[in-house]
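Peer 1: Here's a structure for you.
The values are calculated or read from the model by the stated rules, or taken from the named source; none is laboratory data. Computed from a predicted structure; not experimentally measured. So basically every Cβ, Gly included, is an ideal-geometry build from the backbone, and we count neighbours across all protein chains shown.
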């Protein structure tokens, strides 16, 4: 039961931070972890959990934190810049191997920024999950990267 409550709280904190970012004119927000924890009546570690799992580079966020009395959290929303090198950037981001967490984060980011439709997002995740399970365990990250690059190149070509 506790996991459900924490998950709901994490979702709520994530939605709150994303809304602040949407409203931010400079594409970044600065907050104090202690004040945020007090607002949500949770431990600062819960804030850390949300930042570590929901605001990653793969999902398009840069998070800077400073601990201590005058500490802060700065969250910057990064955006893909489209152009002739867009697929090259994706290719470099994916690399020769990619784990499930990073692939999911990248796909979520592409869907949130409207590069992929929800249907395309679901399709790619389904194919990646199904096909990587067929591969030997020590090759799954490489298979996932190869499939992801091929599908994105097809769907996102200009």
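Peer 1: Residues being under 27 Å from residue 95 (Cα atoms), in contact with a helix residue (DSSP H, G or I) (Cβ under 8 Å, 6 or more places away or on another chain), touching a residue at least 40 places away in the same chain (Cβ under 8 Å) and outside any loop (DSSP other than H, G, I, E, B): count how many of those fall in segment 56-77.
Peer 2: Residues meeting the conditions: 2.
Peer 1: Considering only segment 105-124, state which residues are part of a helix (DSSP H, G or I) and buried (at least 17 other Cβ atoms within 10 Å of the Cβ). Talk me through it step by step, then tell me what you get.
Peer 2: In the first step, residues of segment 105-124 are kept if they are part of a helix (DSSP H, G or I); the result is 105-112, 118-124.
Those that are part of a helix (DSSP H, G or I) and buried (at least 17 other Cβ atoms within 10 Å of the Cβ): 105, 106, 107, 108, 109, 110, 111, 120, 121, 124.
Peer 1: Quickly run through segment 112-124 and pick out the residues that are at pLDDT 90 or above and within 14 Å of the chain's Cα centre (by Cα).
Peer 2: 121
Residue by residue, here is whether (1) under 22 Å from residue 115 (Cα atoms); (2) buried (at least 16 other Cβ atoms within 10 Å of the Cβ); (3) modelled with pLDDT under 90 holds:
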residue	(1), (2), (3)
41	no, no, no
62	yes, no, yes
66	no, no, yes
81	yes, no, yes
85	yes, no, yes
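Peer 1: Is there any pair with a first residue in segment 128-150 that is in the same structural domain as residue 93 (by TED's automatic domain parsing) and under 19 Å from residue 110 (Cβ atoms) and a second that is assigned to a helix (DSSP H, G or I) and modelled with pLDDT under 90 whose Cβ atoms are under 7 Å apart and which are 6 or more apart or on different chains, and what are they?
Peer 2: 145/94; 148/94; 149/91; 149/94
Peer 1: Restricting to segment 87-104, name every residue that is at pLDDT 85 or above and part of a helix (DSSP H, G or I).
Peer 2: If we filter segment 87-104 for residues that are at pLDDT 85 or above, which is where we start, we get 94-104.
Result: 94, 100, 101, 102, 103, 104.
Peer 1: Collect the residues in segment 43-55 that are in a loop (DSSP other than H, G, I, E, B) and surrounded by fewer than 18 Cβ atoms within 10 Å (Cβ to Cβ), keeping them in residue-number order. Give the derivation first.
Peer 2: Filtering segment 43-55 for residues in a loop (DSSP other than H, G, I, E, B) gives 43, 55.
Result: 43, single match.
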